[in-house]
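Down below is the structure, laid out as structure tokens.
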Amino acid sequence: MEYIIQALKGAFNLIITLDPEVRTVVSTSLQLSITSTFIAAIIGTPIGILITKVDFKGKHFLNTILNTLLSLPTVVLGLLVFSFISRRGIMGEWGMLFTMRGIIIGQVLLILPIIIALVRNAIHDVDEKMYKTAISLGATGTQQFRLLLSEARYGIIGALVTGFGRVIGEVGVSMMLGGNIKGYTRTITTAIAMETNKGRFSFGLALGIILLSISFIINYIIYYFQSGEIQ
């Protein structure tokens, strides 16, 4: 018990004093997660809308694949991306392995199905009668699109926040594609795994507390947009 208490004291001391190594790890994780979520949002949001509003052959099959990818293990995805960006891969000459660019590619692919699926669900839940009424009143294509986004905005924002929460806490992609390089590609999760194994329990605990705090904030934001109000 004394060991845990001492570790907690050391962890909070690292957080309160803004330890440079802790700051570097946290800022790297946030930078990677925000960038990956932004790119995935630009790609995934329009796709989610199109899947919902446009009828095409193979739509059911596409939705099945999309739902399957929601449970794709991060290490499997990391392995697939690794095979493409490694020195022997078809993208090896671009030198993206063990770089932030490599991690971003993996993280974007990880949360893209999540954002597409959640945006699809949000658009699907929009009142169809209201949408058809706007069309009957002569709303232009741009006005229809704006109305759609306005009505589904909470669901869409919730999808993006969920995607961010997924990448900030993942470890497989970051470890395999980033190499856990100190000061460069080391994220919160990979640092926790490595430093705890090295006996730096207080350091790992400090990062764990920070990660848990971020997760709490993310879940609070998701709840806010799902409920429309803070209770």
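Values quoted throughout were computed directly from the atomic coordinates according to the rules given, and no laboratory measurement underlies them. Remember, it's a predicted structure, so these values are computed and weren't measured experimentally. No Cβ is skipped: glycine too gets one built from the backbone with ideal geometry, and neighbour counts run over all protein chains shown.
Here are a few things to note about the model shown:
- Cα-based helix-to-principal-axis angle, 201-227 vs the chain, degrees rounded to 10: 20
- Folded to 0 to 90 degrees: helix 100-124 orientation relative to the chain principal axis, Cα: 40
- Sites matching chymotrypsin sites (Phe, Trp or Tyr not before Pro) across segment 170-231 that sit in DSSP coil, with at most 13 neighbouring C-beta atoms within 10 Å: TYR184
- Neighbour cut-off at most 12 other Cβ (10 Å), DSSP loop, GluC sites (Glu not before Pro), segment 150-231: GLU229
- Using the alpha-carbon positions of segment 142-231, Rg (one decimal) and Dmax (whole number) come out as 17.6, 59 Å.
- Under the simplified labelling scheme, the ARG23-ILE43 pair shows an inter-label distance of 3.3 nm, with each label point 7 Å from Cα along Cα→Cβ.
- Summed side-chain charge close to ILE85 - residues other than ILE85 whose Cβ falls under 11 Å, Lys, Arg +1, Asp, Glu -1: +2
- Straight-distance candidates among the lysines for linking to LYS9, with alpha-carbon spacing under 23 Å and chain neighbours fewer than 8 residues away dropped: LYS198.
- Taking the chain and dividing mean pair separation by its residue count, relative contact order in percent (alpha carbons under 8 Å, at least six apart): 31
- Once the Cα atoms are used to define both axes, helix 141-151 deviates from the longest principal axis of the chain by about 50 degrees.
- Sequentially through segment 18-26, phi angles give Karplus couplings (6.51, -1.76, 1.60; θ = phi - 60°) of 6, 3, x, 5, 5, 4, 5, 5, 5 Hz, Gly and Pro residues having no value and appearing as x.
- Full-stretch length increase - ILE5, ASP125 - with 0.36 nm per residue and alpha-carbon distance subtracted: 38.4 nm
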